[in-house]
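> Before anything else, here's the structure in question.
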Amino acid sequence: MVLAASGRPLTIPEILGRRHGLAQSSVYRNLVVLEQAGVVRRIVTHDERTRYELAEELTGHHHHLVCSRCGLVEDVPASDDLERSVAAAAARTARSTGFRIDHHRIDLLGICGPCS
Ligand SMILES: [Zn+2]
Ligand SMILES: [Zn+2]
């Protein structure tokens, strides 16, 4: 599967570029089905290009670097110290709001190497 080998979320044009012979309509249909099945997650950033990645149950927990200039989205591993801080903050928020927190997503926004 194209998404498994990429190491970052891909747009539909990127998926088509990596696997020749796929029709855009069937890629789109497959992604919708996989998303509904919980296998694929859709990522929407500030640009218009929706990206897709495998669910964290399959790839492991990670965060994203998002370039505000070119729209690039890269995976970054979740570091232990950041996870501990987020878990502590989430526990405080859960206590004060009564909201049961299951999960978090962190996007770090900025300018990528080639753009800066
Ligand atoms: Zn960039
Ligand atoms: Zn995390």
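Read-outs throughout are calculated quantities, based only on the coordinates presented, and are distinct from any laboratory measurement. Since the model is a prediction, treat every value here as computed from it, not as a measurement. Cβ sites come from the backbone with ideal geometry, for glycine too, and all protein chains shown count toward neighbours.
> Nearest-5 percent of antiparallel DSSP beta bridges in the stretch 2-110?
Of those bridges, close to 75 percent are antiparallel.
> Net charge near Glu35: determine it from the other residues with C-beta under 13 Å of the C-beta of Glu35, scoring Lys and Arg +1 and Asp and Glu -1.
+3
> Within a Cβ distance under 13 Å of Leu54, other residues only, what is the Lys/Arg minus Asp/Glu net charge?
-1
> Angle check, please: helix 80-97 long axis (alpha carbons) against the longest principal axis of the chain (alpha carbons), in degrees 0 to 90, nearest 10.
Compared with the principal axis, the helix lies near 70 degrees.
> State, to one decimal in nm², a quarter of the convex hull surface area for the C-alpha atoms of the stretch 51-116, i.e. the direction-averaged projected area.
The number I arrive at for the stretch 51-116 is 5.7 nm².
> Specify, per residue and in Å³, the volume enclosed by the convex hull of the alpha carbon atoms belonging to the chain.
131
> What angle, in degrees between 0 and 90 and rounded to the nearest 10, separates the Cα long axis of helix 24-36 from the longest principal axis of the Cα atoms of the chain?
Once rounded, one gets 30 degrees.
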